[in-house]
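Notes follow the structure.
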Amino acid sequence: MSIVSISHRWTILSRALSHSPLRQTTATVALRLASRPTSNSVDFVGNTTKLNSPSDRFIFEDESEDYANVTRNATPKTLSTLGHIEATLPLRLPEPVVSDTSIFEDFSSDTSSNDYATLRVSLREPPSSAFQTLETLIRREQNEEAWALCQEMLSSGIDIPKSNVYGRAAMAVLASHELSEQDQISRCSLWLSMIPSAHENNELGNKRIILMRRRVFQGLQPTITLAIQFSLIMASKGYLEFIAPEAVVFVTRFAPPPISLRFIKDFLTSDFAYIGDVDSKQEKDLQGVRDEERLHRLQELAHLVQGPAIETLTRSGEFAAAMLLLPTPKKPFRLSTRTYDLLLSRLRDTRVGSFPDYIDLVEKLRHDPSYYEEPWSLSYAEIDPWHTRTKHFEALKHELDPASPLYIGESLAVQLRSILDGIRQSELSVPELVAFFSDYYDSGRTTAIIRLRKLALGRNWPTGSAFLYAEMSYYLNHALYLLVLKTYANHFYFSGVPEEELTAAIRYLEANDDSEHRHPAYSTKQKNLIRRFFPNESHTDLAWHALVRAAPSTRDVDALYHRFMQYQLRIRNENPPENATRLSFPPSIEHSIGTSVFTVFLSRLLRPNQPSRASEFFRDMAKVGVNPTIHHFTLLATFYVHVGDIQRTFSVVRALEQEHPVTSPSPIQISLETIHRQRPEPGIPIPDAIFYTSLLGALVELKYLKEAQEIRRLFYKRFIHTMYLHPPLDIALRNLKRLEYEVDQQRVTFQAERPQS
């Protein structure tokens, strides 16, 4: 084909295109490809040539080329060029065929192989800009556009290369509140399937997998279904060891036992199947993995899967499910002695049933070397260098250096060194921490609090848990209820406290709190999540205390108490939660609420116009299996004093005295030292120094002299009083003496004013 015929042919096409509107296909929109131009054209070397008229034939060639000038000035061989074109071209160009990669020429013609128009485009290898566009949309968080483009590419048969960037899209799906759970599962599954497998990934990619795990289980708090789906997909891609540390504990903690056991089985099965697929010597199905290799792999994963699952089920009181995960002769693997010891202690101390058969089996496994191994732990010398390398520890050195302008003083420095030693050895003292918080905040400083929190949370669960408990205790003592609730919400899973009530209380306090400019603790709030823990009873109790104390009205407290009792009865009766996908209600019967929660409800809901409400509280305690403590009897007795029912007051006192008679008094310091270490026991509790102190103070305040003198007599019968050991008692006794003096003076005055008979 000559250059002249080619030019004439493109001229006709140019005329036709110049009179047709621009067409934007789906590919031009999604891939950001330019629409076909009608007035400008770009040549291969980047020069843009203006088409001066529809008859301009030079589309790709530069006019400066010699052959183009010759062609322009050449004399045509025929007078009717148009006739020649019409005779050469068919009346209608052929329709494009998907399998035909030729553009305009007939691929079967002799001249087509030499024509530059025979450009090949492979549908299996689309332009790289498509992938760049998809990744750009994901990084810009244009999630709906990215999903639409991904669907279009897949429906067109385009293979999308695997990349870790699709993990960001999966996290965006999990964080979405607009998608239904079914849509979240389908979209998240697709995005995760496009992540490289473990053997295809590099170290940076593995770090991103760990970040995804933390984001899912510590930040997003997905539903059980989403958490299971995410975990199984990642295990099928070889990431079980990266996901297991939090996935196993999360699912076994919040899912019912049958689902937890099925998850453990599927979790391991997905990992075995991945190993079988990767190993070219094995078949692709699970049967191709030899039994000995599966047992070896099972032993490798025991400390990541079976051990944490057994411990979590044990703490939840699901002993039957925990026993099903123990090693057997057919599946022998070793568990830590710590796991066996925890299971044994809970089986022996449980208040729900008796399990002698379980105890015998665990004892046998505990002493068989084939089934146990000693837990590995760092020595002090190995732990210390880790802390000295951290930037937080280095920053705290300036506050401990007397030569530094940031020196905090000798007293605070001694406290700070002791706390750092406690973090190193994972032996933090909560009272010591609370005292340090008080002294440090009083000095107007905040830096060390932030640094210590990060060190403690990054150390391990016992250290981080103790630090957070001390923080919440300090906030509660200073009526910083918002900080108590935010600390719980930021660092713990919603277990033991209804999520709806807690989040509503936070919103209310944030809208009405005016303490932000007064207390320095507000400047130490945790902004970025470090890690999330499972709360124990002490953390949950503090959260309930803050909820009750922060409630604006008695009506709100009543509603909260009704919710509290629903929650307790649901756990006590082992009923499933209202919504199985929510995290507000763990399926545990052992995760009970502490007795102190009833104490704070009693203090706010006992009202003089409802004296019968007190007996209602004690009946509710019996319903949920909570044994009343001396604190509840103290509140009850002082309540009766304030409503003027002295007869009921002393009925409470007589019940305590008759249940626990004494023959000789004991030092008061013994009672004071055991106040916070007493465990609720069935039956009527032993009266302590706090009981007599509170009752004596209430009677003196309301001028019940004879009754106050009787309580003082009972106190001296039981305890030996030592001045200054318990200041509230000293004050109550002084006030009683003052009341006696006032009564004596009134008697003398009255007798002096009586007329002599």
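The values are calculated or read from the model by the stated rules, or taken from the named source; none is laboratory data. All values reported here derive from a predicted model rather than from experimental measurement. Quick reminder, even Gly has a Cβ in these numbers, built from the backbone with ideal geometry, and neighbours come from all protein chains shown. Just the protein is used for accessible areas: all its heavy atoms, side chains included, with ligands, DNA and RNA removed. Shrake-Rupley method; radii C 1.70, N 1.55, O 1.52, S 1.80 Å.
Hey, any hits in the range 142-159 for a residue that's charged (D, E, K, R), at pLDDT below 85, assigned to a loop (DSSP other than H, G, I, E, B) and within 30 Å of I275 (Cα to Cα)? Scanning the range 142-159 turns up at least one residue that is charged (D, E, K, R), at pLDDT below 85, assigned to a loop (DSSP other than H, G, I, E, B) and within 30 Å of I275 (Cα to Cα).
From the list K717, K703, which one is charged (D, E, K, R), open to solvent by 80 Å² or more (accessible area, probe 1.4 Å) and in a loop (DSSP other than H, G, I, E, B)? Spell out the reasoning first.
Numbers: K717 fails: in a loop (DSSP other than H, G, I, E, B).
Residue meeting the stated conditions: K703.
Checking the conditions here, which among A511, A456, A466 is of a type outside the set (D, E, K, R), farther than 20 Å from T540 by Cα and either without any contact (Cβ under 8 Å) to a residue 40 or more places away in the chain or open to solvent by less than 40 Å² (accessible area, probe 1.4 Å) (or both)? Going through A511, A456, A466 in turn, just one is of a type outside the set (D, E, K, R), farther than 20 Å from T540 by Cα and either without any contact (Cβ under 8 Å) to a residue 40 or more places away in the chain or open to solvent by less than 40 Å² (accessible area, probe 1.4 Å) (or both): A511.
Looking only at the range 177-193, how many residues end up being over 22 Å from A244 (Cβ atoms) and either at pLDDT 80 or above or acidic (D, E) (or both)? Adding up the residues that qualify gives 10.
For the range 672-688, the criterion of a residue being assigned to a loop (DSSP other than H, G, I, E, B), open to solvent by less than 50 Å² (accessible area, probe 1.4 Å) and charged (D, E, K, R) is satisfied by at least one position. Residue-level check: of (1) in a loop (DSSP other than H, G, I, E, B); (2) within 14 Å of H631 (Cα to Cα); (3) open to solvent by less than 70 Å² (accessible area, probe 1.4 Å), F691 misses just (1).
Take the residues of the range 233-273 that are acidic (D, E) and open to solvent by 20 Å² or more (accessible area, probe 1.4 Å): which is nearest to A198 (Cα to Cα)?
Initial filter on the range 233-273 (acidic (D, E)): 241, 246, 266, 271.
Now drop any that are not open to solvent by 20 Å² or more (accessible area, probe 1.4 Å), which leaves 241, 246, 266.
On the way: E241: 10, E246: 18, D266: 18 Å.
Once the filter is applied, the top-ranked residue is E241.
Filtered by the rule that a residue be assigned to a loop (DSSP other than H, G, I, E, B), out of contact with any Pro (no Cβ under 9 Å at 6 or more places or on another chain) and under 21 Å from A521 (Cα atoms), the range 421-437 gives a lone residue, S429. Quick one: is I419 at pLDDT 85 or above, touching a Lys or Arg at 6+ places or on another chain (Cβ under 6 Å), hydrophobic (A, V, I, L, M, F, W, C) and open to solvent by less than 10 Å² (accessible area, probe 1.4 Å)? Answer is no for this residue. Residues that are hydroxyl-bearing (S, T, Y) and under 20 Å from A235 (Cα atoms) within the range 141-190 comprise S163, Y166, S186, S189, listed in sequence order. Whether a residue is touching a Gly at 6+ places or on another chain (Cβ under 8 Å) and not in a helix (DSSP H, G or I) was assessed, and P196 passes this test.
Quickly run through the range 278-314 and pick out the residues that are in a helix (DSSP H, G or I) and at pLDDT 80 or above. Walk me through it before giving the result.
The first filter runs over the range 278-314 and keeps only residues in a helix (DSSP H, G or I), leaving 278, 286-288, 291-300, 306-314.
Across the range 278-314, the qualifying residues are Q306, G307, P308, A309, I310, E311, T312, L313, T314.
Which residues, taken from the range 438-451, are part of a helix (DSSP H, G or I) and without any contact (Cβ under 8 Å) to a residue 40 or more places away in the chain?
Result: S438, D439, Y440, D442.
A quick yes/no check of all residues on (1) modelled with pLDDT of 90 or more; (2) among the β-branched types (V, I, T); (3) under 25 Å from the mean Cα position of the chain (by Cα):
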| site | (1), (2), (3) |
| --- | --- |
| I423 | no, yes, yes |
| S426 | no, no, yes |
| V430 | yes, yes, yes |
| K454 | no, no, yes |
| G458 | no, no, yes |
| W461 | no, no, yes |
| A466 | yes, no, yes |
| H491 | no, no, yes |
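Figure legend. Inter-residue proximity from the range 477-490: first residues closer than 17 Å to V434 by Cβ, second residues acidic (D, E) and surrounded by 22 or more Cβ atoms within 10 Å (Cβ to Cβ), beta-carbon distance below 9 Å, spacing 6+ or different chains. Indicated pairs: L483/E471; V484/E471; T487/E471.
Pairs are defined by a Cβ separation below 6 Å, a sequence spacing of at least 6 or placement on different chains, a first member in the range 155-175 that is touching a residue at least 12 places away in the same chain (Cβ under 8 Å), and a second member that is polar (S, T, N, Q) and surrounded by 15 or more Cβ atoms within 10 Å (Cβ to Cβ); the pairs so defined are A172/N143; V173/Q184. Remark: pairs (first residue in the range 403-419, among the hydrophobic types (A, V, I, L, M, F, W, C); second residue outside any loop (DSSP other than H, G, I, E, B) and open to solvent by 80 Å² or more (accessible area, probe 1.4 Å); Cβ separation under 6 Å; 6+ apart in sequence or on different chains) = L406/H398.
Here is a check on your reading of the model: is G644 modelled with pLDDT under 85, surrounded by fewer than 18 Cβ atoms within 10 Å (Cβ to Cβ) and not in a helix (DSSP H, G or I)? The answer is no for G644. Screening G238 on (1) under 19 Å from E181 (Cβ atoms); (2) not in a helix (DSSP H, G or I) shows it passes everything except condition (1).
Summed over the range 640-678, the residues that are in contact with a Ser or Thr (Cβ under 9 Å, 6 or more places away or on another chain) and either under 15 Å from L606 (Cα atoms) or of a type in the set (S, T, N, Q) (or both) give a count of 5.
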